């Protein structure tokens with residue numbers, strides 16, 4: 001779990017966007033793009049390459065929001081959300097993924113994820129969704 005060094009440093013928190021966001025995404029290009037979009041919007045962003053790395057990051061740092069992909073190696077998004085719920089993670093959870101199966105969608109709903117978005121997702125919709133679920 002590191003902030004992405006390929007882009008400008010994480011901005012100083014502002015009163016509007018001081019949210020700490022963890023992005024769990026195995027696709028490097030998508031992970032870097034999400035990092036760029038979210039940091040440019042003023043959020044404090046860290047990334048994880050899979051659910052296991054995300055779980056470790058959450059155990060050692062506080063995040064207001066987790067944005068997770070569904071299909072990832074080692075620990076997928078559903079496994080990550082189950083772990084978060086088992087330890088009473090107090091933050092919000094957004095699943096940003098290719099459309100999951102009906103069974104997986106039902107499982108996410110049963111775990112009370114705050115929102116599910118399908119890839120590809122417009123930048124504006126992602127930012128709007130973050131604002132909606134965190135305010």
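In region 35-48, of all residues being touching a residue at least 24 places away in the same chain (Cβ under 8 Å) and over 11 Å from the mean Cα position of the chain (by Cα), the one that is surrounded by the most Cβ atoms within 10 Å (Cβ to Cβ) corresponds to 43. In this structure, residue 54 does satisfy being touching a residue at least 40 places away in the same chain (Cβ under 8 Å) and either under 15 Å from residue 20 (Cβ atoms) or not in a helix (DSSP H, G or I) (or both).
Here residue 83 meets the list (1) within 18 Å of residue 38 (Cα to Cα); (2) touching a helix residue (DSSP H, G or I) at 6+ places or on another chain (Cβ under 6 Å); (3) surrounded by fewer than 20 Cβ atoms within 10 Å (Cβ to Cβ) almost entirely, failing just condition (1). With respect to (1) in a loop (DSSP other than H, G, I, E, B); (2) more than 14 Å from the chain's Cα centre (by Cα), the lone exception for residue 63 is condition (2). Would you confirm whether any residue within region 102-118 is buried (at least 22 other Cβ atoms within 10 Å of the Cβ), modelled with pLDDT of 90 or more, touching a helix residue (DSSP H, G or I) at 6+ places or on another chain (Cβ under 8 Å) and farther than 15 Å from residue 133 by Cβ? No: region 102-118 contains no residue that is buried (at least 22 other Cβ atoms within 10 Å of the Cβ), modelled with pLDDT of 90 or more, touching a helix residue (DSSP H, G or I) at 6+ places or on another chain (Cβ under 8 Å) and farther than 15 Å from residue 133 by Cβ.
The values are calculated or read from the model by the stated rules, or taken from the named source; none is laboratory data. Every value quoted in this text rests on a predicted model; they were computed, and no experiment measured them. Positions of Cβ are generated from backbone atoms using ideal geometry, with glycine treated the same way; all protein chains shown enter the neighbour counts.
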